[in-house]
Amino acid sequence: SASDDLCLDDKILDNPDLLFKNNSFKYFFRHVGFDSMPDQLVNKSVNHGFCFNILCVGETGLGKSTLMDTLFNTKFEGESTQHNQPGVQLKSNTYELQESNVRLKLNVVNTVGFGDQINKEDSYKSIVEFIDAQFEAYLQEELKIKRTLHSYHDTRIHACLYFIAPTGHSLKSLDLVTMKKLDSKVNIIPIIAKSDAISKSELAKFKIKITSELVSNGVQIYQFPTDDETVAEINSTMNGHLPFAVVGSTEEVKIGNKMVRARQYPWGTVQVENENHCDFVKLREMLIRVNMEDLREQTHTRHYELYRRCKLEEMGFKDTDPDSKPFSLQETYEAKRNEFMGELQKKEEEMRQMFVQRVKEKEGELKEAEKELHEKFDRLKKLHQDEKKKLEDKKKALDDELNSFKQKKTAAELLQAQTQQAGSSSTLKKDKERKK
């Protein structure tokens with residue numbers, strides 16, 4: 001009792017040797033208060049808020065945006081997207097939500113144009129690159145000297161909702177290839193979209209077929225954890241319901257005396273939150289209400305750690321050396337730096353030798369071109385001299401011919417003048433004789 005504890009404390013204060021008896025130390029204490037740490041953690045988390053990032057992968061027209069609106073009971077505003085893109089584009093939208101006093105920063109990433117191309121071979125690459133880019137951004141923040149992880153906006157994908165077309169037959173090759181490429185990078189939750197398009201019997205067979213194909217192709221989907229006793233039973237049951245067959249709708253219809261979200265058809269009404277109609281409630285329970293924190297934890301401890309380990313190993317960092325001794329970060333850095341400097345010097349030497357070789361080759365080409373130019377110049381010069389000599393010879397011949405012509409002309413003119421003069425003298429003589 002409290003009075004007994006007080007009396008015992010007084011005795012210990014009067015005689016401290018009572019604490020030591022037969023070389024053993026006995027602890028006497030009352031409530032300290034560290035059992036309030038969970039409450040402190042909850043208060044701190046609530047004040048800081050939470051973030052959750054969802055990646056929606058699926059072909060155009062499977063109702064990805066509608067399902068997101070239905071899951072969070074909110075009409076998310078977003079720009080309309082064109083589906084005539086040459087490739088797959090990932091569009092991210094962030095929303096601030098609040099429920100009671102809990103704030104959630106929700107990031108929804110949509111794959112615009114997925115499955116719209118004729119050649120779908122590389123459809124998954126942009127998705128993988130986007131996920132790796134988020135891991136890389138977080139890793140770079142971790143490696144900074146001055147880190148701000150407490151205020152860093154974590155954009156790593158926590159859950160991937162993979163929308164499967166309700167064909168009722170089997171998975172498409174595109175679905176299998178994409179999920180296989182993503183299963184080591186993100187928590188995949190497969191869902192059959194617009195499941196009201198096929199009958200219940202077809203849906204049951206379709207689920208079995210999908211599960212069989214995923215197992216036979218080695219695709220690892222997210223399994224709800226069963227190690228926590230509080231949720232082990234429900235998670236184990238829900239693992240058997242995968243993939244979830246869902247229907248999304250934001251329209252409210254009056255059924256009886258209450259308004260429910262549903263889809264109306266000429267033959268009847270499909271209620272979104274009626275578990276006899278679809279698995280929407282199961283998906284919401286597992287994704288948001290039960291396992292949201294586990295999805296966040298799995299992303300950090302499994303997928304991000306795998307990316308981080310592979311990236312650091314590429315950079316030359318290891319946990320142990322060949323002798324199984326712990327690796328010093330400083331030694332690793334120095335070894336990697338020396339290796340890098342050696343490679344750099346080697347590349348510089350190769351570039352220098354290549355440059356010298358290129359210069360020599362260029363010099364040879366220039367000398368050869370210069371030699372050809374000189375030879376061409378000499379040929380042209382000789383040709384010019386020959387042409388000049390020919391022209392001079394022709395000129396001389398023409399000059400000689402011109403001089404000869406002038407001489408002949410002068411002689412002819414002189415002869416003509418003498419003839420005319422002789423004729424005039426003969427005429428005068430005859431005139432005189434006539435007069436006589």
Expected max-MSF residue from 64, 207, 381 in the GNM of the chain (alpha carbon, under 10 Å) is 381
Listed residues 135, 52, 405; largest mean-square fluctuation, Gaussian network over the chain with Cα springs below 10 Å, found at 405
Given unit charges at Cβ for Lys, Arg (+) and Asp, Glu (-), the dipole magnitude of the chain about its Cα centre in debye, nearest 20, is 4840
Using alpha carbon centers only, segment 366-381 is separated from segment 218-292 by a whole-angstrom value of 88
Straight-line reach check, residue 435, cutoff 15 Å on alpha carbons, 8 or more apart in-chain or any other chain, hits among aspartates and glutamates -> none
On the accessible surface of segment 46-315, probed at 1.4 Å with all protein chains in place, carbon and sulfur together account for a percent value of 47
With R₀ set to 35 angstrom, the calculated FRET efficiency between the beta-carbons of residue 132 and residue 341, to the nearest 0.05, is 0.80
Protection proxy (average C-beta count within 10 Å per residue), highest first, orders 53-61, 298-306 as 53-61, 298-306
The answer for segment 46-315, accessible area per residue at 1.4 Å probe in Å², is 52
For segment 130-183 the trypsin sites (Lys or Arg not before Pro) that pass both the DSSP coil test and the at-most-11 other-Cβ-within-10 Å test are 144, 146, 147
Relative contact order as a percentage, segment 93-138, C-alpha pairs under 8 Å and 6+ apart, gives 23
If unit charges are put on Cβ atoms (+1 for Lys and Arg, -1 for Asp and Glu) and the dipole of the chain is taken about its Cα centre, the option from 411, 295, 45 lying farthest towards the positive end turns out to be 411
Checking rank on 183-195, 86-98, with mean other Cβ inside 10 Å and highest first, the result is 183-195, 86-98
Candidates 133, 397, 245; GNM for the chain (alpha-carbon contacts under 10 Å) flags as most fluctuating 397
In this structure, among 207/282; 205/258; 91/311, pairs with alpha-carbon gaps over 22 Å are 205/258; 91/311
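The values are calculated or read from the model by the stated rules, or taken from the named source; none is laboratory data. Only a predicted model underlies this, so the values are computations on that prediction, with no experimental measurement involved. Cβ: placed from backbone, ideal geometry, glycine included. Neighbour counts: every protein chain shown. SASA here: full protein model, heavy atoms, side chains in, ligands and nucleic acids out. Shrake-Rupley method; radii C 1.70, N 1.55, O 1.52, S 1.80 Å.
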